[in-house]
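So the structure is just underneath, and the comments pick up after that.
The values are calculated or read from the model by the stated rules, or taken from the named source; none is laboratory data. In this text the structure is predicted, and so the values were computed from the model without any measurement. All Cβ positions, even for glycine, are placed from backbone atoms using ideal geometry, and neighbour counts span all protein chains on display. Accessible surface areas use protein heavy atoms only, side chains included; no ligands, DNA or RNA. Shrake-Rupley method; radii C 1.70, N 1.55, O 1.52, S 1.80 Å.
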Amino acid sequence: MKTFSVICALSITILGSSWVAGQTPRGNPQAGQGIYEQQCLRCHGPKLDGNGPDGQYLIVRPANLQSQISRAKTDWELLITISNGVLFSPMHGFRGKLTDQQMLDVLSYIRTMAPFDAVS
Ligand code: HEC
């Protein structure tokens, strides 16, 4: 009987959490904000407009994530850039430096501040 209730409790936890996971957004924007401030702000700036304090020293200027060009990109495109970086630019890949979850968190922070907007 005890084993049965343990199995019941476990399956409720497992089924329950996957149901919750299906409902919640993939990233956590609050956690993402902290990561952004530590890892991205110096280039992309507090307003995500590419005017971070270090940006002025770069030949390839940081992307303005508020621009129509960036906002028209899908989550997937931005995530690939965050993960792999941009070749021959100061934007290095964050794979290995941030976990997959942290990259999703920072992406969801970006999308909170600069929502997806397809070019009409
Ligand atoms: C050393 C400066 C620097 C840092 C730090 C940096 N970036 Fe970048 N980022 C750039 C530059 C420069 C580009 C633009 C490259 C280009 O012109 O193609 C860029 C491009 C991007 C793009 C692509 C935008 C688009 O429209 O395609 C995304 C998304 C992005 N960065 C996110 C991030 C995130 C998230 C972080 C922190 C985890 C971060 N960056 C940290 C310099 C930086």
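Each principal axis of the Cα atoms in region 27-113 has its own extent, and those three values, largest first, are 31, 25, 24 angstrom. Of the whole protein surface, Leu104 contributes about 40 Å² of accessible area at a 1.4 Å probe radius. Heavy-atom accessible surface of Val86, to the nearest 10 Å², is about 70 Å², with a 1.4 Å probe and all protein chains retained.
Heavy-atom accessible area, probed at 1.4 angstrom with all protein chains present, ranks Phe88, Phe94, Phe116 as Phe88, Phe116, Phe94, highest first. Estimated at the nearest 10 Å², the accessible area of Thr81 is 50 Å² with a 1.4 Å probe.
With all protein chains in place and ligands, DNA and RNA left out, the 1.4 Å accessible area ranks Tyr36, Tyr57 as Tyr57, Tyr36, largest first. For region 48-120, the dipole from Cβ point charges (+1 on Lys and Arg, -1 on Asp and Glu) about the Cα centre works out to 120 debye, to the nearest 20.
Of the residues Met91, Met113, Met103, the one with the largest accessible area comes first in the ranking Met113, Met91, Met103, computed with a 1.4 Å probe on protein heavy atoms.
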